[in-house]
Amino acid sequence: MTKAERAEFILNDLSRRYPNPAPPLDHDDAFTLLIAVLLSAQTTDARVNIVTPGLFKKANTPQKMAMLDVADILESIKTCGLAPTKAKNIKKLSQILCEKHAGTVPNTFEELEALPGVGHKTASVVMAQIFGVPAFPVDTHIHRLAKRWRLSSGKNVEHTEQDLKRLFPQHTWNDLHLQIIFYGREHCTARGCDGKTCFICSRVKAQGKDRSPPKTA
C-alpha cells in the first residue's frame with residue numbers, strides 16, 4: 001500500500017466513524033475558543049471544559065478579561081498545566097485585543113500568532129473552527145498517529161502538518177484533524193495501541209507493501 005493509498009483508506013474510515021466531528025472545547029464565540037485552546041496546552045480538553053465556565057462567568061469578552069487581575073484569572077485556571085504563565089498571557093492578549101483589534105479576535109494567522117501564548121496550533125484551531133479557513137492543527141495525538149500510520153516521519157509537529165496537508169485534500173482538513181484526534185483518544189492511544197492493535201493500525205500493518213485496496217470494517 002502506498003502512502004497515498006493509506007491516506008485514502010484512513011480518510012474514508014475516519015469519515016465513516018465521525019461524519020460530523022464537533023470541536024471538543026466548549027465555547028460560545030471566537031474569544032472563548034481562543035482562551036480555551038490556549039488553556040489546552042499540556043492540559044486535557046476535559047480539564048479545560050471544567051475550568052472555563054468559572055473563568056467565563058467572571059469575564060467572557062476581551063474587555064472584561066482585560067479588567068481582571070492576573071490573580072483572579074489564575075484562581076479560575078490553577079488546575080491547568082502552566083497556569084501562572086497562561087494567566088499572564090490571557091490578561092495581556094485581552095489587553096492587546098482591546099488596544100489593537102477593537103476588542104475582536106483577528107482573522108489572520110499572522111495577527112493571531114502575534115498574541116501572547118498563541119502559537120501556530122492555537123491559531124490554526126481558531127482559523128478552522130471560527131473562520132472556516134482550511135487548517136490542519138497538529139496536536140500530540142495527530143503527531144503520534146501520523147507516524148504510526150507512516151504518513152509522516154514525525155520529526156516535529158511542523159513537519160507532520162506539512163506532510164498531512166500534502167496527502168489530504170484541503171477541503172477535508174478542518175474535519176480530519178478532529179477525526180484523527182477522536183480516533184487517537186478512543187482507539188489508538190499512546191499506551192493502548194502498539195501500532196498493531198487498533199483497526200487502522202492493524203490494517204495498515206497487514207497491508208504492508210501490498211498495493212491492493214484495503215477492506216473496511
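Tabulated results
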read-out	value
Residues satisfying the stated conditions in the stretch 198-217, i.e. among the charged types (D, E, K, R) and either surrounded by fewer than 19 Cβ atoms within 10 Å (Cβ to Cβ) or at pLDDT 95 or above (or both)	K205, K209, D210, R211, K215
Filtered residues of the stretch 11-41 (kept if crowded, with 16+ Cβ neighbours inside 10 Å, among the hydroxyl-bearing types (S, T, Y) and either within 25 Å of P169 (Cα to Cα) or more than 11 Å from the chain's Cα centre (by Cα) (or both))	Y18, T32
Count - residues of the stretch 180-197 that are over 20 Å from L164 (Cβ atoms) and surrounded by fewer than 13 Cβ atoms within 10 Å (Cβ to Cβ)	4
Elements of type helices (runs of 4 or more DSSP H) contained in the stretch 72-133, each with 3 or more residues being within 13 Å of S40 (Cβ to Cβ) and out of contact with any Gly (no Cβ under 7 Å at 6 or more places or on another chain)	120-129
Qualifying residue in the stretch 105-114 (condition: of a type in the set (G, A, S), surrounded by fewer than 19 Cβ atoms within 10 Å (Cβ to Cβ) and within 16 Å of V37 (Cα to Cα))	yes
Tally of residues being touching a residue at least 40 places away in the same chain (Cβ under 8 Å) and more than 15 Å from L34 (Cα to Cα) across the stretch 65-95	3
Residue in the stretch 128-146 that is among the acidic types (D, E) and within 20 Å of H27 (Cα to Cα) present	yes
Candidate set: the stretch 48-71, residues that are assigned to a loop (DSSP other than H, G, I, E, B) and of a type in the set (A, V, I, L, M); chosen: the one surrounded by the fewest Cβ atoms within 10 Å (Cβ to Cβ)	L68
Where T43 falls short, out of the listed (1) within 30 Å of F182 (Cβ to Cβ); (2) touching a residue at least 40 places away in the same chain (Cβ under 8 Å)	(2)
Verdict on T122 being surrounded by 15 or more Cβ atoms within 10 Å (Cβ to Cβ), of a type in the set (S, T, Y) and touching a Lys or Arg at 6+ places or on another chain (Cβ under 9 Å)	no
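The values are calculated or read from the model by the stated rules, or taken from the named source; none is laboratory data. If you're wondering where the values come from, they're calculated on a predicted model, not measured in any experiment. All Cβ positions, even for glycine, are placed from backbone atoms using ideal geometry, and neighbour counts span all protein chains on display.
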